[in-house]
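Following: one structure in structure tokens, then a few remarks.
The values are calculated or read from the model by the stated rules, or taken from the named source; none is laboratory data. Source: prediction; values computed, not measured. Here the Cβ is made from the backbone with ideal geometry for all residues, glycine too, and neighbour counts use every protein chain on show. Protein only, heavy atoms only, side chains kept; ligands, DNA and RNA dropped before computing areas. Shrake-Rupley method; radii C 1.70, N 1.55, O 1.52, S 1.80 Å.
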Amino acid sequence: MLQLRSRLVRSLRALAPSLFAACAAALVAALVDSLDGNGGAFGLAAGAGFVSLLVVPVAFATSAIVRAVAAAWQPGDWREPAPRLAAWLVVIGVDAVVLAAVAFLGVRWFARVSAFQPMAVSYFASTLCATSSLALVALARPTARAVGAATARIAVRWPAAMRPLVLIVAAIAGVAAVAAIAWFSIVLPSLGAFDTSVLYAPAAALATLIAAHVLWHRLANARRIAAAIAFALAATAMALALVASRTWANTTLELWGDRAVAGFAIDHLFDLDRIRDEVPISTYRPIARAGADHPDIIFVTIDTVRADHTPPYGGHAEMPTLAALAERGTVFDWAFSPSNVTRRSIPSMITGLDADRVHGRVVGWALRIDPRHVVLAERLRAGGYETAGFMCCEGFWGTEMHTGLQHGLEHLEIEHDGVGLAKRARAWLEARQHRAGNRPLFLWIHILEPHNWTAITGDPHNEADRTRFYDRVLGMCDGMLADLVAPFQGAAKPPIFVVTADHGEALGEHGHAFHSTDLYDSQIHVPLVISGPGVAAQRVSETVSSTNLVPSLLDLAGFEPPTGRAIDGRSFAPLATGARASKPDGVAFAAMIKDRSNPGGVTALVEGTWKIIDDGKHLELYDVSTDPDEKTNLAAREPAKLAHLRELLLAKQREAAVSPFE
Ligand SMILES: [Zn+2]
């Protein structure tokens, strides 16, 4: 018993420096992590707690393992020259570089030829690494022997250079030098402007971890006090974080959004969705206009539809249902998507924020939006609406990705096939009509088919094919639209239909196929058709943006359109109802944002018929009323117009830095 106790005390004592160093590392990392954040003393303490929950165990385990390995190697005992050790260190270093190069080049090549299929890439990468490691191991001994002949000669001439401690230090310095050269000459140039700020806190933690061990041996009698203080601070912070995760949802969400390491810890140690659910839905309640009607709203977003190929805009795609809705309702001649790719457009469309003001992190193909953002469905649900979503696909709306795009949708069905999805929505709508006491309805459907049009039609062989194939897929979507319209034929109180797209599609314009590559009209001029009770049958020439959808739909639903820092859009409902006439200076802003496959860095602004595009190097100016294909850059010829649009664009670019959170 006594023996056991003394052994326990001994091992605790042996682990004490690791615990001290881990707590100190966590506290320093938390300080660095909180540098740009705000949230006051409480936010700082809770943030430190979340960081500690992650860093203390990781740093403690790292320290304990490194110390155990060092104790096993006993480097202090090595005094004799060790040419064999030198040879092996050289072989290990060279092998590491070879393995890194093989893995990098091999995976990059395979990812390209396999069109980035994650499963196939994973199998290939692991097989490649395993076979190259085996080959390197097989070659290791003969190589070490050959290198050993040279190091033995050095050992005879300069025995001091072959002392084991010197060799270990040289090896560590060599690794650091190679890593630095690779980073600055290969990694940074190929990745472009790379945000290294996420590395500051981990680097600070590592430096503190090492410094704390060195300090431990110098502190002597003050050790106990130092360890007790570090441990007490970290433990208090961790307790506070645990309480915050249960009780102060807003603080926790803020930390997720503002702090890299604390956010990572919250993501991986807690259920962010559950924490967000703690915020009462009434927080998002819009202000109802007295006596206003609350009509049903069917919101249809079709992926990748350029306006000019649809019938309301003179296009040749066979879309009779859309044409009929347009005939009865309002067609916005000049509606622009906020970006040119789904993961940036959709979040912007449902938050009402410009694409560059939506905060979030890229997950897969989607954007996981900052949990503090409030989306359209939540606002309507809080206002008393029943909300339903029929969405394609899992990557955007599935629970696994936690994108937050599904927030507020009480009933959610996800299916890849648009035909099936529309049938499910229709069946659900028909069943609902037999229910009594329904609340007003907000139904959102997102159809993906045109995004993958070549997968449906096959690759086009010429220009004519390209148009024909793309239009054929748009025609398919009209059938889906028909399924949504059908349940309301002859209904006493028909819904308001809003049909639009998240972005367009280049069909060869400006040298581009598909989308996410530029901000010309082919990729951002989208259809916008609104039809239903109270909506005038007309064409609206005023330029509008899809960021206006949130305030506009809330307005049409009988609520005051929200304003403030969390909304960039303005309601175009008065235009749709005919309460106000079109103005010639409507504005739409679009941003292409750098992330995964998108090079980013381009912004555009449309005012009336004029459009400016800024790629960071050149400015382009077009008059789309006379030059719809944006072929003649008028930047040099129209300096006054250019200066005016540039002013508006600069104001938008500056706004990107303004936090959307109150
Ligand atoms: Zn899309």
Single match in I275, I210 (criterion: open to solvent by 30 Å² or more (accessible area, probe 1.4 Å) and either of a type in the set (A, V, I, L, M) or not in a helix (DSSP H, G or I) (or both)): I210
Flagged in segment 577-620 as outside any strand (DSSP E or B), surrounded by 14 or more Cβ atoms within 10 Å (Cβ to Cβ) and among the small types (G, A, S), in numbering order, are G578, S582, G586, G600, G601, G608
Selected residue (criterion: least open to solvent (accessible area, probe 1.4 Å)) from residues of segment 497-511 that are away from the ligand (no atom under 16 Å from the Cβ) and farther than 25 Å from G420 by Cβ: G508
Search segment 47-101 for residues being outside any helix (DSSP H, G or I) and within 19 Å of A150 (Cβ to Cβ), and hand back the single one that is least open to solvent (accessible area, probe 1.4 Å). A82
Here is a list: A149, A180, A170. Which entry is modelled with pLDDT of 80 or more, surrounded by 13 or more Cβ atoms within 10 Å (Cβ to Cβ) and part of a helix (DSSP H, G or I)? A170
For a quick check of your reading of the model, give me the residue pairs whose first member lies in segment 288-307 and is at positive phi, whose second is within 16 Å of the ligand (Cβ to nearest atom), with beta-carbon atoms closer than 6 Å and at least 6 apart or on different chains. T304/P450; T304/H451; T304/E505
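To keep it simple, each residue is scored yes or no on (1) more than 16 Å from the ligand (Cβ to nearest atom); (2) open to solvent by 10 Å² or more (accessible area, probe 1.4 Å); (3) free of Cβ contacts under 8 Å to residues at least 12 places away in the same chain.
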| site | (1), (2), (3) |
| --- | --- |
| Y313 | yes, yes, no |
| F332 | yes, no, no |
| N340 | no, no, no |
| S345 | no, no, no |
| G364 | no, yes, no |
| L367 | no, no, no |
(1) at pLDDT below 95; (2) open to solvent by less than 10 Å² (accessible area, probe 1.4 Å): which one isn't true of Y520, the others all being true? (2)
Filter pass, A323 being free of Cβ contacts under 8 Å to residues at least 24 places away in the same chain, over 24 Å from M480 (Cβ atoms) and more than 16 Å from the ligand (Cβ to nearest atom): no
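Residue-wise test of (1) out of contact with any Ser or Thr (no Cβ under 7 Å at 6 or more places or on another chain); (2) touching a residue at least 24 places away in the same chain (Cβ under 8 Å).
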position	(1), (2)
N452	yes, no
A464	yes, no
T467	yes, yes
D471	yes, yes
M476	yes, yes
A482	no, yes
V485	no, yes
Q489	yes, no
T500	no, yes
Could you give every pair whose Cβ atoms fall below 8 Å, whose first residue belongs to segment 512-532 and is within 15 Å of the ligand (Cβ to nearest atom) and assigned to a strand (DSSP E or B), and whose second residue is among the charged types (D, E, K, R) and at pLDDT 85 or above, counting only separations of at least 6 or pairs across chains? F514/E505; H525/R306; H525/D308; V526/R306; V526/D502
